[in-house]
Amino acid sequence: MLKTLRYWLQRIRLRVFALYALVLALFITAVACSGSAPEAEADAEAQVGISPELVTDYIHVALAADRTAYTKHVVNRSKTLEGKDNEKGVLGIEATEGWQDTDGIPLPAQMFRLGYEIGNELSEGAFTYGLISPWYINDNHAPKSDFEQEAMDAMIESGEPFKGYQEVGGQKYFSALYPDKAVAEACVTCHNTHPVHLERYPDKEFEMGEVMGGVIINIPIEES
Ligand code: HEC
């Protein structure tokens, strides 16, 4: 009698062990497959696609941040350093348009242009960006395509970014134009008194808060 009981207990233990082993094996297979199946990864990537609108928004934040950081931490320090005015030249530099011919550093708009000239070269046209304005001092900043003209008019009217699709040379682009507003008195005074501005747009006087132009970002779109 005791012998039979021991025999059955032994058999039950064996079966439970086998069941555990099976569950463990299934679990390991499931984890291993979900971790490395190439199709599953490709599917996941396809689902994590990012809208072109979000891409231009992100690029714009990075560009605007760099421009503000340069104005705040470089240009402004050439005027006031650790609370002291730069009357006697705390730093022997000045942000000036003719920076290459003097002991100067570029104006923020020039610094931005120097950056986008390098950026557009580095990206080999994969995406492009720049500054445009109907009241441009630099000829390179004139709105070029019909799209840019239309986007500029709409943006000046609304004060909001303008986004849309355009085709240039057979290539489709998603383009976004972000307003560049007169956020400081210096924007207004410098542009309103600039000799090129006075000559070209004698009737245009910028006011604080006004849209002075915009940052255009173009990213190529592959049609599927
Ligand atoms: C000290 C003078 C000065 C100040 C201050 C200044 N700018 Fe400019 N800005 C210029 C010059 C010069 C250019 C042309 C730069 C170039 O050669 O690419 C320019 C270019 C621009 C452009 C591109 C269109 C164009 O005229 O070529 C925009 C838009 C612009 N500035 C907006 C602003 C805003 C907004 C501010 C204030 C946050 C500002 N600027 C402050 C002198 C100034």
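The values are calculated or read from the model by the stated rules, or taken from the named source; none is laboratory data. Since this is a predicted model, take the numbers as computed values, not measurements. Note that each Cβ is placed from the backbone with ideal geometry, even for glycine, and that neighbours are counted across all protein chains shown.
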>> Out of everything in region 108-126 that is small (Gly, Ala, Ser) and surrounded by 15 or more Cβ atoms within 10 Å (Cβ to Cβ), what residue ends up being nearest to the ligand (Cβ to nearest atom)?
In response: Ala109
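What residue, of Ala154, Ala142, is without any contact (Cβ under 8 Å) to a residue 60 or more places away in the chain, among the hydrophobic types (A, V, I, L, M, F, W, C) and within 14 Å of the ligand (Cβ to nearest atom)?
Ala142
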> Only one of these conditions is not met by Ser145: (1) among the small types (Gly, Ala, Ser); (2) modelled with pLDDT under 95; (3) over 23 Å from Tyr201 (Cβ atoms). Which number is it?
Replying inline: (3)
> If a residue has to be more than 10 Å from the ligand (Cβ to nearest atom) and of a type in the set (S, T, N, Q) to count, how many in region 94-107 make the cut?
Replying inline: 2
> Which condition breaks for Tyr178 when tested against (1) touching a Cys at 6+ places or on another chain (Cβ under 9 Å); (2) closer than 15 Å to Ala151 by Cβ?
Replying inline: (1)
>> Quick check on my filter: what residues within region 164-216 are within 23 Å of the chain's Cα centre (by Cα), buried (at least 18 other Cβ atoms within 10 Å of the Cβ), among the aliphatic types (A, V, I, L, M) and within 14 Å of the ligand (Cβ to nearest atom)?
In response: Leu177, Ala182, Val211, Met212, Val215, Ile216
> With respect to Ile137, is the statement that it is out of contact with any helix residue (DSSP H, G or I) (no Cβ under 8 Å at 6 or more places or on another chain) and touching a residue at least 24 places away in the same chain (Cβ under 8 Å) true?
Replying inline: no
>> Just the residues that are out of contact with any Lys or Arg (no Cβ under 9 Å at 6 or more places or on another chain), more than 21 Å from Ile59 (Cα to Cα) and either assigned to a helix (DSSP H, G or I) or β-branched (Val, Ile, Thr) (or both), please, taken from region 192-224.
In response: Thr193, Pro195, Val196, Leu198, Glu199, Arg200
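So if I check each of Tyr129, Tyr136, which one is part of a strand (DSSP E or B), within 14 Å of the ligand (Cβ to nearest atom) and aromatic (Phe, Trp, Tyr)?
Working: Tyr136 fails: part of a strand (DSSP E or B).
Tyr129 is the lone residue from the list that is part of a strand (DSSP E or B), within 14 Å of the ligand (Cβ to nearest atom) and aromatic (Phe, Trp, Tyr).
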> What number of residues within region 176-224 satisfy the criterion of being within 14 Å of Tyr129 (Cα to Cα) and either basic (Lys, Arg) or touching a Pro at 6+ places or on another chain (Cβ under 9 Å) (or both)?
Replying inline: 9
